[in-house]
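Here it is, the structure in full.
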Amino acid sequence: MSDQYDVVIVGYGPVGQYLALKLGAAGYSVACVEKWPQQYPLPRAVHFDHEIARLLKTVGLDSRTNPIIDQYDNMYRWVNADKEVLLDLDWSGVGPSGWHTSNFFSQPELERELNSYIEATPSISVFRGWEVQELDEDADGVTVTARSMRPEDAGAMSTRTFRGTYVVGADGANSFVRRWMKAEMHDLGFDFDWLIVDMHPHEPMTFDPPAWQWCNPAAPTTVVPGGPGRRRWEFMRLPHETIETLNTEETAWKRMEPWGLTPENSVLERHAVYTFRAMWALPEQWRKGRVMIAGDAAHLTPPFAGQGMCAGIRDAQNIAWKLDAVLSGRASDELLDSYGPERSNNMQYWITFAVGLGEVICVLDPEAAALRDAQMKAAIEDPSLAPPPPPPPSLTAGTIGSHPFAGHLSHQYRVRRGDVTDYFDHVEGYGWAIISTAGSPSAVLSEENLAWAEQNGAILVSVGTGDGVDLVDIDGGYARWFDELGADTIIVRPDFYTYDAGSLAGLDAAVTELRATLHATTPAAV
């Protein structure tokens, strides 16, 4: 007999935890099957952006007030060997999602926080110490077979099965689920070894700015926060160094000497050598039948843009809203076909961007570094010499409409309803949202489309400054944004990406098209 669940998630890192929380909150039964008996106690990911801050708030983690999060408000600076500025990436202030552009944290603390939310969610079950060995898919679901890795079962061939309507592999770079799916990885050939050193100084350390890249051809180095009270250093392996000699406690302390850190004034939390890679699963192979992959199981990115975990959380949010629609009968299973193309295209943007940054710092030839420095310093003096900034990342395929902004991340601004003033999410909640500055969306929708909106819990609101609006546009943010879009109405997906934008007069037709896209042309019976 197998325990029966709506979804079985293989892997219990932040991606698996986030997905479990989203599905559990929607009322689905979820099993999280994790190989390791205990939580991994050492740091790994340290950064997330404004989009992920917005997503984490949907499961209860408020990065504005939570003490495990350090909101960043400065430049991310790139300097040459002489510490002259080559590039400043502006990571200050609030991003378009309404949250701080950048945030730093310690992954063990984040996992403990998310785990506490999971423990309070009765529909989620966590099974630690079970290594998945086999998947067996049939017409109605997938049977997951795992063997025990628990100390109490040492020496015994203890196995257990879990039955899921769907299975998601969030089981890391060496994913068993990806291998079972036979998903092929596209590799950009970016391959560098780096020593990661995570430190917990006894006293706070001051860096201005706190995050920077030292593009020194003699020793490329990264220096960033590691969450409140912590710091991280990353050192590129040089040609004469071996991984074995680099990955020692002695080497880690020696690298800390120039920074004034010793065993007497700090704690070495971790030293590890990682190979930075740039690769992703082919778009059509993120899903095979009832099985999908997410996070590092589907893609690997160099850390220079701080987007590794961010990408995995985006994967989980994309899967969550689509599985909710499919499991509830509000959309066809075919909706899941859009997962891979949507997320792969978006992820390729971030991987390519991170590789571009890596090609700046991973330069060991002094002459090539000098030429790089001269070009980048000249661009600072004359911005016309700098390459144009890339367009923002977007979804270029999948469940999106025809407006040029369709597939782009939506914005969020402050609004007021009655006596409550806050950002849109905190006033209205989460899910499908139709927002208009031209009047009430519900007034122009047909009965069928109103029924769809009600069944899907869609938020239908007018926003503006005049009489009769549902939400007052406190700072004029929505008015400015809609003016930039050349639209007065926008449809926002549950993952905060824009489905479509246009006129209020054309909204009914757009919602009709959306229903067809979701393969649910008539509302399912409640």
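The values are calculated or read from the model by the stated rules, or taken from the named source; none is laboratory data. The shown structure was predicted, so the numbers you read here are calculated from the model rather than taken from an experiment. Please note: Cβ atoms are built from the backbone with ideal geometry, for glycine as well, and neighbour counts cover all protein chains shown. Each accessible area value is taken on the protein alone, full model and side chains, heavy atoms only, with ligands, DNA and RNA left out. Shrake-Rupley method; radii C 1.70, N 1.55, O 1.52, S 1.80 Å.
Using +1 on the beta carbon of Lys and Arg, -1 on that of Asp and Glu, and nothing else charged, what's the dipole of region 171-238 about the Cα centre, debye to 20?
That gives a dipole near 180 debye.
Of all chymotrypsin sites (Phe, Trp or Tyr not before Pro) in region 196-301, which ones are in loop regions per DSSP and have a Cβ with at most 16 other Cβ atoms within 10 Å?
Counting only loop positions with at most 16 other Cβ atoms within 10 Å, the chymotrypsin sites (Phe, Trp or Tyr not before Pro) in region 196-301 are Phe207.
How big is the shadow of the Cα convex hull of region 425-526, averaged over all directions, in nm²?
6.5
Explain nothing, just compute: Karplus ³J(HN,Hα) = 6.51 cos²θ - 1.76 cosθ + 1.60, θ = phi - 60°, for every residue of region 72-82 in order, whole Hz, x for Gly and Pro.
Per-residue couplings from phi come out as 8, 8, 6, 7, 9, 9, 10, 10, 8, 4, 8 Hz.
Using only the alpha carbon atoms of region 44-118, find the Kirkwood hydrodynamic radius as the inverse mean reciprocal pair distance, in angstroms to one decimal.
It works out to 13.4 Å.
What number results when the radius of gyration of region 1-41, computed over Cα atoms, is divided by 2.2 N^0.38 Å?
My calculation over the Cα atoms of region 1-41 gives 1.20.
State which entries of Lys57/Lys182; Lys254/Lys377; Lys57/Lys377; Lys35/Lys322 exceed 29 angstrom in Cα-Cα distance in the structure shown.
Violating the 29 Å Cα-Cα cut-off are Lys57/Lys182; Lys254/Lys377; Lys57/Lys377.
Then there is this: Hey, got the dipole for the chain? About the Cα centre, +1 on K and R Cβ, -1 on D and E Cβ, debye to the nearest 20?
Charge dipole, the chain, about its Cα centre: 760 debye, nearest 20.
What Rg and what Dmax come out for region 201-242 when only alpha-carbon atoms are used, in angstroms?
Rg then Dmax for region 201-242, in Å: 12.2, 35.
Got a number for the accessible area of Ser29? Probe 1.4 Å, square angstrom, nearest 10.
Number for this one is 40 Å².
Right, here's the next one. Using the Kyte-Doolittle scale, which helices in the chain average at least -0.5 and also have C-alpha atoms spread 20 Å or more along the helix axis, with helices defined as whole DSSP H runs?
Both cut-offs are met by 308-327, 339-361, 366-381.
Here's something else I'd like to know. Report, in deg cm²/dmol and to the nearest 500, the calculated mean residue ellipticity at 222 nm for the chain, where each DSSP H run with n ≥ 4 adds -39500 (n - 2.57) and the sum is divided by the residue count.
-8500 deg cm²/dmol
Further question on the same structure: Taking every pair of Cα atoms in the chain, average 1/r, invert it to obtain the Kirkwood radius, and report Rg/Rh to two decimals.
Ratio value, two decimals: 0.98.
Considering only DSSP beta bridges where both residues belong to the chain, give the percentage that are antiparallel (nearest 5).
70
Any chance you could list P(r) for region 251-335, counting all Cα-Cα pairs in 10 angstrom bins from zero, rounded to whole %?
Reading the bins upward from 0: 14, 30, 23, 16, 11, 6, 0.
With only Lys, Arg, Asp and Glu charged, each at its Cβ (+1 for the first two, -1 for the last two), find how big the charge dipole of region 209-310 is about the Cα centre; round to the nearest 20 debye.
In debye, rounded to 20, region 209-310 gives about 500.
Which three numbers, in whole Å and largest first, are the semi-axes of the equivalent ellipsoid of region 41-187 derived from its Cα gyration tensor as √(5λ)?
Over the Cα atoms of region 41-187, the semi-axes work out to 38, 20, 17 Å.
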